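Just so it is clear, none of the values below were taken in a lab; they were calculated from the coordinates. Here the structure is a predicted model, which is why all the values come from computation and not from measurement. Positions of Cβ are generated from backbone atoms using ideal geometry, with glycine treated the same way; all protein chains shown enter the neighbour counts.
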Amino acid sequence: MPTVEPRPQPYRQMELNPHAANGSMHSPERVREQVEKLRQQAELFEQQRLQSESQSRELEQSTFRKARFNDDLNEVGTRIHNAVRRIERELESMNKEQHELELVCDCFKHHLQILSALQPEMWPPDSVNERLQDAQPRLQRAYNDFEEAYAFGSKYRHTDVLMSKPGEEPEHRLTWKNLKEEMARGLSFHLPLFVLILISWAIYQLITTP
C-alpha cells in the first residue's frame with residue numbers, strides 16, 4: 001500500500017490583534033488606560049500594605065495591653081490573696097483569744113456563784129469550823145484561777161483586759177502607739193524652743209553681719 005505523505009500545511013500567519021496591527025495598542029489613550037490601571041493597582045497594593053501594617057500594629061498593641069493587664073491582674077490578685085490570708089489568720093487569732101476569754105469569763109462567773117452562795121455571815125456559830133473547812137478550798141481555787149488568768153494576760157495580742165487586775169494601775173508597755181505619742185509630746189514641747197533659738201540666731205546674724 002503506497003505511503004501517503006501528509007499534505008503540507010499552508011503557512012499560517014500569526015493572528016494579530018487588529019488594533020495592534022494598526023498600532024492602536026500603543027496609542028496615547030491605551031497607554032493612559034494602562035498607566036491608570038497600574039496606578040489603581042499600586043494604590044490598592046498600598047492600601048493593602050497600610051491596612052496590613054495597621055492590623056499588625058493593632059495586634060501588637062493588643063498583645064502588649066493584654067500582657068500588661070495580665071501582669072496587673074496577677075499583681076492585684078496576689079496582693080488581695082495575701083491580704084485575705086493575713087485577715088484570715090488575724091480572725092483566727094482573734095477568735096481563739098475570744099474563745100479563751102469566754103472560758104475565763106465563764107470560770108469567773110462560776111466562782112462568783114460559788115462564793116456568793118457561801119454567805120459566812122449566815123453561818124451558825126456551832127458550825128463555823130466545818131463551814132470554813134469546806135469553803136476555804138473553794139475560795140483558794142477561785143483565787144488561783146484569778147491569778148493564773150492574769151498571769152498569762154500578756155499573751156493576748158488583741159486586748160489588754162487581762163494585763164492589769166481590777167483596782168490596780170496597768171503596767172506601762174512600750175508599744176509603737178505609745179512611742180509615737182511620746183515622740184509627739186516631745187516634739188510639741190521642744191519645737192517652740194527650737195523655733196525661738198532659730199529666730200534668735202537669725203537676728204544675731206543680721207545684727208553682726210556688716
Q.
Quick check of the Kirkwood formula: for segment 37-169, what is the inverse mean of 1/r over all pairs of different Cα atoms, in Å?
A. 22.5
**Q.** Loop-located chymotrypsin sites (Phe, Trp or Tyr not before Pro) in segment 78-164 whose Cβ has at most 13 other Cβ within 10 Å (DSSP)
**A.** F152
